[in-house]
Amino acid sequence: MTIWQAVVMGIVQGLGEFLPISSSAHLVLVPWLFRWHDPGLTFDIALHLGTLVAVIAYFWRDWVNLIKGGLRGAGTTEGRLFWYLVIATIPGALIGLLLEDKAETVFRNPSLIAVMLILLGIILFWADRRSKKLTDVNSITLGQSLLIGVSQALAIIPGVSRSGITMTTGLLFGLTREGAARFSFLLSAPVILGAGVVKAPEIIANPGMVNAPFLVGMLVSAISGMAAIGFLLKYVQTKNYLPFVWYRFLLGAIVLLVVLLRWL
């Protein structure tokens, strides 16, 4: 992978991780569409670590308060939210470990990704239209947190979008667009960290993997990730998710068309 390709992939990851368009789908589709060498899931994890830096840096004050509250127990709003995030992380972590092999092979199929882009676009549109949008993130319940965590497990399939499915589930529970986005962003940190820990032995055993494109991709994904977080939190205060729905439809249709043309 060249430096230029790493920059492109870093931007794709940074934007796709926090916008409801599926970063994992784009990390598969960009090399596939342009016939680049697919760097594989380990490089994808490196880019995800860049976005981990983004979400920790952007919400660092929140994280300090959440961790302090969590250490004191669940008696405060911050402590309760901290433990809800911990509980919501468990389903996605378990599914990720169980389906790791499929995540690296079967699920990286462009046709499947295209279908999931379109399908989840429909569900996001429906949820955004019907949601009452009355609950902020500090009023989320344990049951809601757990079910959002269960929905996050579906993001093991590229095209679903971790942020997209968690925001959609949050909207279905009546969270405001901003509340659903904020909980989704906070929830991304432990999941990305866990994936990085799982892949760390492979990276340590193959230090040659940590080359210039690897590091550039991480840096670019961190910068673009922070920009995406700031943009979406401001955007959803006054606007709906329709542009992202149309983008998912368009990308899914393009991918299916390319699959058909390459098959003929």
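Here, each number is a calculation from the coordinates, and none is a lab measurement. It should be emphasised that the depicted structure is a prediction, and the values quoted were computed from it without experimental measurement. For neighbour counting, all protein chains shown are included, and Cβ atoms are generated from backbone atoms with ideal geometry for every residue, glycine included.
Can you give the angle from 0 to 90° between the axis of helix 23-34 and the longest principal axis of the chain, with both taken from C-alpha atoms, to the nearest 10?
With both axes taken from Cα atoms, the answer is about 20 degrees.
Cα axis of helix 212-235 to longest principal axis of the chain: angle in degrees, 0 to 90, nearest 10?
Helix 212-235 sits at roughly 40 degrees to that axis.
Which residue fluctuates most in the GNM of the chain (Cα springs below 10 Å): 194, 50, 174?
194
Taking the Cα centre of the chain as the origin, how large is its charge dipole in debye, to the nearest 20, when only Lys and Arg (+1) and Asp and Glu (-1) carry charge on their Cβ atoms?
Values: 19 positive and 12 negative charges, 144 e Å.
Approximately 700 debye in magnitude.
Looking only at 244, 34, 82, which one moves most when the chain is put into a Gaussian network model with springs between Cα atoms under 10 Å?
34
Placing one identical point scatterer on every Cα of segment 196-264 and ignoring solvent, what is log10 I(q)/I(0) from the Debye formula at q = 0.15, 0.18, 0.26 Å⁻¹?
-0.88, -0.91, -1.04
Over the chain, what is the mean sequence separation of C-alpha contacts under 8 Å (at least six apart), divided by residue count, expressed as relative contact order in percent?
This gives 36 percent for the chain.
Would you look at the GNM of the chain, springs on alpha carbons closer than 10 Å, and say which of 225, 96, 143 moves the most?
Answer for the Gaussian network model of the chain: 143.
What distance in nm separates the simple spin-label points at residue 86 and residue 141, each placed 7 Å from Cα in the Cβ direction?
2.2 nm
Would you mind checking 132/239; 68/239; 68/132 for any pair whose Cα atoms are more than 25 angstrom apart?
68/239; 68/132
At q = 0.15 Å⁻¹, what log₁₀ I(q)/I(0) does segment 3-263 have when each alpha carbon counts as one equal point scatterer in the Debye sum?
Log10 of I(q)/I(0), two decimals: -1.07.
Given labels modelled 7 Å from the Cα in the Cβ direction, how far is it in nm from residue 35 to residue 242?
3.9 nm
Around residue 135, which amide H atoms from residues at least 5 apart in sequence, or from another chain, sit under 5 Å from its own amide H, with H modelled in the peptide plane?
For residue 135, whose amide H was placed from the backbone, the distant partners under 5 Å are 175, 176.
Helix 110-130 sits at what angle to the longest principal axis of the chain, using alpha carbons and giving 0 to 90 degrees rounded to 10?
Approximately 30 degrees, to the nearest ten.
Length gain on complete extension for the stretch residue 211 to residue 250, per 0.36 nm per residue less the alpha carbon to alpha carbon distance?
Difference between extended and current length: 10.6 nm.
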